[in-house]
Amino acid sequence: MKIAFIGLGNMGGPMAANLVKAGHQVIGADPVAPMPEGVIRAASPREAVAGAEAAITMLPNGAILRAVADEIIPAMSPGAVFLDCSTVDVDSARAVASAAEAAGLMAMDAPVSGGIGGATAGTLTFMAGGTEEAFARVKPLFDIMGQKAVLCGPSGNGQAAKICNNMILGVTMIATCEAFALADKLGLDRQKMFDVVSTSSGYSWVMNAYCPAPGVGPKSPADNGYKPGFASELMLKDLDLSQMAAEAVDADTPMGQLATDLYRRFVHDEGGRGTDFSAMLPRFATRGRA
Ligand code: NAD
C-alpha cells in the first residue's frame with residue numbers, strides 16, 4: 001500500500017518505521033522530525049498524500065489536525081482512508097471525519113495507548129471510531145502497528161474511549177499516590193501496603209502493574225527516577241480533553257475535574273513537567289494537609 005504519514009515525532013516515527021518494515025511504501029511529512037529509514041520525505045503534507053491509498057496523521061492537537069486536514073483532504077485520491085491516530089478533542093475528530101467523508105474519503109479516528117515503547121514494538125492498542133467498512137480497510141495497518149484494535153462506534157468514539165480511560169487513569173493514580181503518602185505517615189510499610197491492596201478491593205492497574213512506589217511491585221518508572229513512561233504533561237493534556245468533552249455534553253465529572261486541576265498545578269507550578277505521571281507520589285509524600 002502507498003501510505004502518507006504526517007507527523008513523525010516520538011510516536012509517529014516508530015509507527016511509520018513499522019509500516020516500512022512490513023513492506024508498505026511510506027511517504028512522510030513533518031517540518032522538523034527526521035524520517036525513519038525507508039520513509040521518503042515529502043515537501044508538505046499535501047505532496048505526501050498524492051496518490052496514497054491511506055493518510056495517517058499523528059499530530060500534537062486538534063487545531064493542528066484541522067489545519068492539516070484542510071490542506072490534505074482536497075489532495076487525497078477518492079476512496080482513500082484518512083486515519084487520524086493523534087489524541088485530540090472529540091469535536092475536532094468529528095469535524096475532520098465529516099469533511100473527509102463529504103469529499104468522498106473514508107475516515108477513522110484511532111487514538112492509541114501504549115506510548116513510545118508500544119509504538120516502537122508495534123504493540124499499540126487502537127481505539128477506533130468510524131464505519132465498519134473503514135475499520136476493515138485499516139485493520140491490516142492496525143495489525144502491523146499494534147496488537148489490538150477496538151471499533152468503538154461512529155467517528156469521534158475512539159477519542160471518547162481514550163479520554164474516558166485516561167480520566168479513570170489520572171484519578172486512580174492520584175488516589176493511589178495519596179493513599180501511599182497517608183500510609184507513610186501512619187507508619188505502614190509501602191511493601192505491606194502493596195501486598196494488601198494489590199490483592200484487595202483497592203487494586204487497580206496503577207497499583208498492580210505501574211506501582212508509583214519505587215522498589216515495590218513490578219518494574220515501573222518509579223524505579224527509574226520517575227523518568228517517563230507517560231509524562232505528567234501528557235496526562236494533563238488528556239485530562240483537559242476529558243473536561244472539554246464533559247463541558248460540551250453537560251456531564252458531571254467532579255473527580256476528573258479535580259485530577260485535572262491537580263495535574264495542572266503539578267505540571268505548571270510544582271516542577272512536574274518532564275516527570276512520569278506517577279511522580280505524584282513524591283509530591284504527596286512531601287506535603288502536609290494545607
Ligand atoms: P511529538 O510532538 O513528538 O510529534 C508530533 C509531530 O507532529 C512533531 O514531529 C511535529 O513536528 C509534527 N507536526 C506538527 N505540525 C505539523 C504539520 N503541520 N505537518 C506535519 N507535521 C507536523 O508528539 P508524540 O509524542 O509523537 O504524540 C503524537 C500524538 O500522539 C499526540 O496527539 C499525543 O497526545 C498522542 N500520544 C502520545 C503518546 C506518548 O506517549 N508520546 C501516547 C499516546 C498518544
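Taking every residue in the range 109-124 that is without any contact (Cβ under 8 Å) to a residue 40 or more places away in the chain and farther than 17 Å from Asn166 by Cβ and pairing it with any residue that is assigned to a loop (DSSP other than H, G, I, E, B) and within 11 Å of the ligand (Cβ to nearest atom), at least 6 positions away or on another chain, the pairs with Cβ-Cβ distances below 7 Å are Thr123/Gly114. Scanning the range 253-276 turns up one or more residues that are modelled with pLDDT of 95 or more, open to solvent by 90 Å² or more (accessible area, probe 1.4 Å) and aliphatic (A, V, I, L, M).
Within the range 224-239, restricting attention to residues that are part of a helix (DSSP H, G or I) and open to solvent by 50 Å² or more (accessible area, probe 1.4 Å), the residue that is farthest from the ligand (Cβ to nearest atom) is Asn224.
The range 1-119 holds strands (runs of 3 or more DSSP E) entirely within its bounds, and those carrying 1 or more residues that are within 18 Å of Gly158 (Cα to Cα) and either within 10 Å of the ligand (Cβ to nearest atom) or aliphatic (A, V, I, L, M) (or both) map to 54-57, 81-84, 106-109. Here is a check on your reading of the model: is Glu247 open to solvent by 30 Å² or more (accessible area, probe 1.4 Å) and in contact with a helix residue (DSSP H, G or I) (Cβ under 8 Å, 6 or more places away or on another chain)? For Glu247, the condition - open to solvent by 30 Å² or more (accessible area, probe 1.4 Å) and in contact with a helix residue (DSSP H, G or I) (Cβ under 8 Å, 6 or more places away or on another chain) - is not met. Filtered by the rule that a residue be free of Cβ contacts under 8 Å to residues at least 12 places away in the same chain and under 17 Å from Leu8 (Cβ atoms), the range 125-156 gives no residues. Quick one: would you say Glu133 is part of a helix (DSSP H, G or I) and within 11 Å of the ligand (Cβ to nearest atom)? When the stated conditions are applied, Glu133 does not pass them.
The values are calculated or read from the model by the stated rules, or taken from the named source; none is laboratory data. Source: prediction; values computed, not measured. When we count neighbours, we look across all protein chains shown, and the Cβ atoms used for this are built from the backbone with ideal geometry, even at glycine. Just so you know, the surface numbers come from the protein's heavy atoms only, side chains and all, with ligands and any DNA or RNA stripped out. Shrake-Rupley method; radii C 1.70, N 1.55, O 1.52, S 1.80 Å.
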